[in-house]
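The structure under discussion appears below in the form of structure tokens.
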Amino acid sequence: MVLPIKTFPKDKVLREPTRRVEFPLSKDIVKLTQDMVETVRKADGVGLAAPQVGKPLKLIVINMEKNGMSPFPLYNAKIVSKSLKKIEVEEGCLSVPGVYGMVKRPRKVKIEAQNMEGKKITFTDDGWVSRIAQHEIDHTNGVLIIDSIKKYTQGEEQVKEWKKQKLL
Ligand SMILES: [Zn+2]
């Protein structure tokens, strides 16, 4: 089932603290994971975090289908180390439609998470998975790209308006 995507500033869940996902996974979480995969595909997104569909949980999905990788979920994902070297890449967000800008992030990160079976997985990446996972993990901490963009490529007027209204 494709789920509606929550958007800033209307949906406060995007700023809420999130809970850890417990194992074994409940039927509800298994279904939520499947629905999030369907939703991210339908939205043509590269990643999605549970708060974006209204669930304050540490659950993200990465969708690199365009690179031949099946979409996969990560539970309780966190960054355990990061490179000093940062790179700036243009990002957008399904929860902040119409806004794009340059986001500076560590190039390489080491991520620790759990898979669907609850098994701990650790991996290091310096490409798209690193970039997407950092963006999605931010969501599970209530952080959005509009908190860090300094140079906008689209939607700057909207962001200025939010700042004026003290929503940012
Ligand atoms: Zn996002």
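The values are calculated or read from the model by the stated rules, or taken from the named source; none is laboratory data. Everything numeric in this text was worked out from a predicted model, so none of it was measured. Using ideal geometry, Cβ is built from the backbone for each residue, glycine included, and neighbour counts are taken over all protein chains shown.
A few comments on the model shown:
- Answer from 149, 137, 132, 111 - the residue that is farther than 17 Å from residue 46 by Cα, modelled with pLDDT of 95 or more, within 18 Å of the chain's Cα centre (by Cα) and not in a loop (DSSP other than H, G, I, E, B): 111
- Residue count for the range 64-74, restricted to those that are buried (at least 21 other Cβ atoms within 10 Å of the Cβ) and either in contact (Cβ under 8 Å) with a residue 60 or more places away in the chain or among the aliphatic types (A, V, I, L, M) (or both): 1.
- Test: residue 89 is of a type in the set (Val, Ile, Thr), within 16 Å of the ligand (Cβ to nearest atom) and either loosely packed, with under 15 Cβ neighbours inside 10 Å or farther than 21 Å from residue 142 by Cα (or both): yes
- Scan of the range 124-141 for residues that are farther than 14 Å from residue 76 by Cα and either more than 16 Å from the ligand (Cβ to nearest atom) or surrounded by fewer than 18 Cβ atoms within 10 Å (Cβ to Cβ) (or both), ordered by number: 124, 125, 126, 127, 128
- Filter pass, residue 118 being in contact (Cβ under 8 Å) with a residue 24 or more places away in the chain and within 12 Å of the ligand (Cβ to nearest atom): no
- Some residue of the range 31-53 being away from the ligand (no atom under 16 Å from the Cβ) and part of a strand (DSSP E or B): no
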